[in-house]
């Protein structure tokens, strides 16, 4: 009986730490591998960086378009520049016309 009681005491001393260790491993695993875990956070950060790059490109394109639009306002319009841009964009002109573009 002494051996059985001694074994029971040792088993009780080991069971609770093992339970807490398994609980810690369970939550640690889900902290990393969950849909909202650390790996998902890293993927979200990468997608955010890509979106910031696209935003910077679109912002630059918008600034360029706004600059072109500003040049077409009635107070800033230059008829020669307007005619030149119309010919370039529409690919039209007179057959005998020579167009020299400088940029």
Just grab the label-to-label distance for residue 5 and residue 23, each label 7 Å out from Cα along the Cβ direction, in nm (one decimal). 3.0 nm
What do you get for the angle between helix 79-90 and the principal long axis of the chain? Use alpha-carbon atoms, 0 to 90 degrees, nearest ten. 60 degrees
Taking 7 Å along the Cα-to-C-beta vector as the label spot, tell me the residue 30-residue 76 distance in nanometres, rounded to one decimal. 5.8 nm
Determine, at each q value in 0.18 (inverse angstroms), the log₁₀ of I(q)/I(0) that the Debye formula gives when each Cα of the stretch 30-103 is one equal point scatterer. -0.86
Longest principal axis of the chain (C-alpha) makes with the long axis of helix 38-71 (C-alpha) an angle, in degrees to the nearest 10, of 10 degrees
0 to 90° range, to nearest 10: angle between helix 2-33 axis and the chain longest Cα axis: 0 degrees
Take the alpha-carbon centre of the stretch 33-103, take the same for the stretch 1-28, and report the distance between them in whole Å. 68 Å
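Each reported figure results from applying straightforward, stated rules to the coordinates on display, with no laboratory input. Keep in mind the model is a prediction, meaning the values are calculated, not measured. Don't worry about glycine lacking a Cβ; one is built from the backbone with ideal geometry, like all the others, and counts go over all protein chains shown.
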